[in-house]
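Step one of this worksheet: look at the structure below.
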Amino acid sequence: MVDPVIVASGQTYERAYIQRWLEQGNFSCPKTRQPLPHDNLIPNYTVKALITSWCEANNVAPTTPEAAALEKNVGCARNAASGRYYRQTKSLGRASRFHSLLELDRRHNSFQDRVTRSGKTSQAFEQLITNLVTDLSSPFAGARKYAAAELRLLAKDDIQSRILVVEAGAVRPLIALLDDGDEQTQEIAVTALLNLSINDNNKAEISRAGAIDPLVRVLKAGSSAAVENAAATLFNLSVVDNNKEVIGAAGAISPLVELLASGSPGGKKDAATALFNLSTSHDNKPRMVRAGAIRPLVELASQAATGMVDKAVAILANLSTVPEGRVSIAEEGGIIALVQVVETGSLRGQENAAAALLHLCINSSKHRAMVLQEGAVPPLHALSLAGTPRGKDKVLHLSFYAHRGIF
């Protein structure tokens, strides 16, 4: 392939062959067979840059369009389907969807290996990113999806690529794709933003570009994979202190609680991580209680097999600092769960459980009686002897109230 072009279906073909196909009176895409509303051919600069990079890395002279046009005995559709260096990802709903994404990963990694081995390709690599960012705003849905998928892969593992992609202006068009009607495009876009948000400097840029509200919309109505990645992206953005209140006010807490309660194991972890960060903002604590966060947190704190006890107890400790949080913890059976963690949990879990119990005991005689009733004294005493410094400090405060007859 020497002169790649995009047709109305979003597929890429060699210009000479697709022109011949159209001139023969065919008005459908050779690969997808869908009707073509027009015969415009848009240069695919992204694929062109990949071809140039491959030629440079392998010391191969590029073929001219004139020489390529002399090739004979090769069917147009066959060349168009097999001669491309990169294939478009297939549309949502096809059985081959995940195979196509895996193939895209494989081909992307091969290209990245060549970029790493050859300094000659650095300029072409930056041009590739620029072209991909341009394609994010293409009038063709297939081109937009393809560009987003490539940028997602470029930002997956490489720190420098994350910086270059953001500097090239990818953030705003990726955010626009979060509201795309195609479910797979939305999923790819949110994953690309997740990968970009790993870089600390990118977090503020993504937030300033207006990503929070669209991410919350994905969190509420996206596919399961998109929801989980939106939760993880919001967690990354919540590392910036100013974003915590903004994310909470944007309505993220209720769908995060829903994901915590009924999501997949990975989804629950993404939701818990995001909720923990948000729970460090005072205004978000009542929001989380009203959204029903206490019940699933207590359930997770009671189930060691989930591997989420420490995270759940840490969030409960934060929520125990507000009155409605303490009331809900007691009503949902949280005191029993917290005492159990003090007795059998990890050192981190023990100190957070003790902190939560301290808040409950200081502020309510009823809660103090419930803590005693659940047999908290022996495990608290053990924690005072062998716990972390913070855990011992919490037990010391509890003992202070006990010696004053508050218990």
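The values are calculated or read from the model by the stated rules, or taken from the named source; none is laboratory data. Because the structure is a prediction, the values reported are computed rather than measured. Counting neighbours? That spans all protein chains shown, and the Cβs are built from the backbone with ideal geometry, glycine included.
Could you tell me whether any residue of the stretch 308-322 is touching a His at 6+ places or on another chain (Cβ under 7 Å), touching a residue at least 24 places away in the same chain (Cβ under 8 Å) and surrounded by fewer than 23 Cβ atoms within 10 Å (Cβ to Cβ)? Steps first, answer last, please.
The initial filter retains those residues of the stretch 308-322 that are touching a His at 6+ places or on another chain (Cβ under 7 Å), namely 320-321.
Filter once more, so that each one left must be touching a residue at least 24 places away in the same chain (Cβ under 8 Å): 320-321.
If we keep only those that are surrounded by fewer than 23 Cβ atoms within 10 Å (Cβ to Cβ) too, we end up with 321.
Yes, the stretch 308-322 has at least one match.
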May I ask you to list the residues in the stretch 169-189 that are without any contact (Cβ under 8 Å) to a residue 60 or more places away in the chain, surrounded by fewer than 19 Cβ atoms within 10 Å (Cβ to Cβ) and closer than 17 Å to Asp135 by Cβ?
Gly169, Arg172, Ala176, Asp180
For the condition in contact with a helix residue (DSSP H, G or I) (Cβ under 9 Å, 6 or more places away or on another chain), over 18 Å from Thr134 (Cα atoms) and crowded, with 16+ Cβ neighbours inside 10 Å, what is the one hit in Ala225, Ala209, Ala192?
Ala225
Output the residues belonging to the stretch 32-62 that are surrounded by 12 or more Cβ atoms within 10 Å (Cβ to Cβ), in a loop (DSSP other than H, G, I, E, B) and either at pLDDT below 80 or out of contact with any strand residue (DSSP E or B) (no Cβ under 8 Å at 6 or more places or on another chain) (or both).
Thr32, Asp39, Asn40, Pro62
For Ile18, all conditions in the list (1) part of a loop (DSSP other than H, G, I, E, B); (2) touching a strand residue (DSSP E or B) at 6+ places or on another chain (Cβ under 7 Å) hold save one; what is the number of the exception?
(1)
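Quick check on Ala226: is it more than 20 Å from Asp182 (Cβ to Cβ) and in a helix (DSSP H, G or I)? Spell out how you get there, then give the answer.
Numbers: more than 20 Å from Asp182 (Cβ to Cβ): no; in a helix (DSSP H, G or I): yes.
Criteria not met by Ala226.
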Please report, ordered by residue number, the helices (runs of 4 or more DSSP H) entirely within the stretch 337-391 with at least 1 residues that are at pLDDT below 70 and touching an Asp or Glu at 6+ places or on another chain (Cβ under 7 Å).
377-386
Scanning the stretch 289-298 for residues that are within 25 Å of the chain's Cα centre (by Cα) and farther than 16 Å from Ala356 by Cα, the one surrounded by the fewest Cβ atoms within 10 Å (Cβ to Cβ) turns out to be Gly292
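Out of Val395, Val327, report the one residue that is at pLDDT below 75, among the β-branched types (Val, Ile, Thr) and either more than 24 Å from Ala274 (Cα to Cα) or in a helix (DSSP H, G or I) (or both).
Working: Val327 fails: at pLDDT below 75.
Checking each option against the conditions leaves just Val395.
Take the stretch 229-249 and flag every residue that is among the hydrophobic types (A, V, I, L, M, F, W, C) and under 18 Å from the mean Cα position of the chain (by Cα).
Filtering the stretch 229-249 down to residues among the hydrophobic types (A, V, I, L, M, F, W, C) leaves 230-232, 234-235, 237, 239-240, 246-247, 249.
Hits for the stretch 229-249 are Ala230, Ala231, Ala232, Leu234, Phe235, Leu237, Val239, Val240, Ile247.
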